[in-house]
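What follows is calculated from the coordinates using simple rules that are stated; it is not laboratory data. All values reported here derive from a predicted model rather than from experimental measurement. FYI the Cβ positions are ideal-geometry reconstructions off the backbone, even for glycines, and counts take in every protein chain you see.
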Amino acid sequence: MVSLPFLSAQSHVAASAVSESALVACNIYIASASSDSVLQNLLMRAQSHCQYIREHGASKSNSDATREKLPDKSNSDVGCAIRGYGWQSNQIVTGRDNPTMSGCHRYTKTMYPVAIIHAYADVSYNRSSFHLAGRSDCVADAAVHLILNSFDQIDFDCSAQNDSAHPFVGLIDHVSVMPLVSFPVSDNAPSSENIISEQDGLKLSQRAAVDAAKAIGNAITNSQQHAANVFFYGLACPNMTPLAKVRKEMTSFFNSGSLISNLDNNVEPRNLKGDCTIGVPPNFVENFNIRMSPNVSISQAKTLTQFLRGRNISTKGFGVEGVEALTLPYEKINDTGDKSLVYEVACNLTNPKKGSVQHIEKAVDDWVAEQSAISSLGERAKTGTNYLIEKMYRVGTTEQQCIESLGLGYSQSDSINVQYWENHDRDVLDKFQKLLMQKHG
């Protein structure tokens with residue numbers, strides 16, 4: 001892990017404002033994928049910050065003593081006193097306590113506060129995403145650190161034409177904070193999914209996600225840069241306004257990127273770095289894309305989009321429950337170097353336990369069969385799956401992936417040492433670098 005200085009910013013705002021009693025995931029979507037070195041540096045800084053939080057806790061991670069220089073952890077023997085997730089007592093583990101540790105921290109199940117689970121870049125969309133998970137206060141702290149560094153380091157003017165096929169509202173286009181509820185925090189404690197807050201009726205895990213989302217938004221608003229306007233949605237919004245409604249009524253999302261000619265009522269961003277939507281969906285949201293082959297026109301691609309949208313189930317008799325879908329152009333380069341334009345159907349799975357990737361794949365098969373049925377006999381050979389679909393792929397993480405990466409599948413007696421996190425971070429960075437090098441397709 002490369003030791004990098006922290007951004008001198010107010011990341012501690014997040015740490016002091018959120019609940020510590022549940023685990024959350026946080027996806028940060030950035031409207032940039034062209035500045036390879038800057039994005040790699042952002043990821044390395046974020047990983048170093050997470051490493052520091054894992055050893056010292058969120059509340060201390062941005063003190064004046066630690067902002068200037070990351071401490072040398074190679075021979076560290078300082079104990080970790082990280083508060084539990086709400087039901088567990090403090091645990092302190094040091095090298096002295098366990099001579100087999102060779103001076104390295106080892107973390108029990110209560111000490112996996114935060115990590116960058118996955119980083120993704122798609123240069124064709126000029127879009128990157130960073131996927132975090134862990135204890136809510138630690139995730140908020142790490143998210144604020146990454147976001148404010150992005151504002152500081154990425155050259156972006158929202159008033160200028162952004163080279164992006166993917167619609168966007170600002171540099172930090174979207175921050176989604178989601179509860180992780182599948183894994184009980186303690187073997188002897190009830191799952192956070194079933195504990196209801198007396199304050200507002202939210203599940204404890206949802207309350208933690210809401211607190212984290214608001215802390216991130218407030219930190220952006222109160223930062224010295226004040227580079228973006230923040231709009232809350234979902235459980236983080238008093239009116240529980242859905243993301244799509246916020247994007248349509250408050251931002252320029254549906255008149256940006258490849259959608260720029262779709263609407264006349266463009267909402268102009270009021271800050272240099274644009275707007276930022278931050279919110280909490282009720283469930284963990286997954287992302288899944290279907291890239292069409294060059295044989296598929298935009299009108300035909302849109303029929304698949306309609307075929308997958310969950311809102312069409314009651315009115316049209318088809319769709320996948322909880323799926324939101326959008327048709328987007330995707331530019332790729334073939335083996336000869338020539339550019340070609342294809343189309344993708346980008347899907348949000350807002351309730352993947354009821355509308356999963358497997359349900360989408362089944363629906364795609366049904367759509368292919370329907371295309372074949374409406375074709376003439378001589379054209380049916382050209383309507384098979386391979387003729388219409390180039391690839392289907394997941395973007396981002398799953399709830400189970402977050403849980404496993406944090407080590408929550410281990411028994412209470414198991415532990416993970418620093419080498420685990422170094423290997424994990426190196427793997428995330430290597431994959432991110434390879435994605436940045438794949439300039440197209």
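With a simple spin-label model that places each label point 7 Å from the Cα along the Cα-to-Cβ direction, the separation between F318 and S340 comes to 2.5 nm. List the pairs from K203/K245; K203/K273; K391/K431; K203/K353; K302/K391; K273/K391 whose alpha-carbon separation is above 22 Å, in the order I gave them. Checking Cα-Cα distances, K203/K245; K203/K273; K273/K391 exceed 22 Å. Given R0 = 30 Å, the distance between the Cβ atoms of Q224 and D36 translates into a calculated FRET efficiency of 0.65.
If only the Cβ of Lys and Arg carry +1 and only the Cβ of Asp and Glu carry -1, the dipole of the range 292-342 around its Cα centre is close to 240 debye. Provide the net charge surrounding G319, with neighbours chosen by a C-beta distance below 9 Å and charges set as Lys +1, Arg +1, Asp -1, Glu -1. Residues close to G319 contribute a combined charge of +2. Spread over its residues, the convex hull of the C-alpha atoms of the range 277-398 is 131 Å³ per residue.
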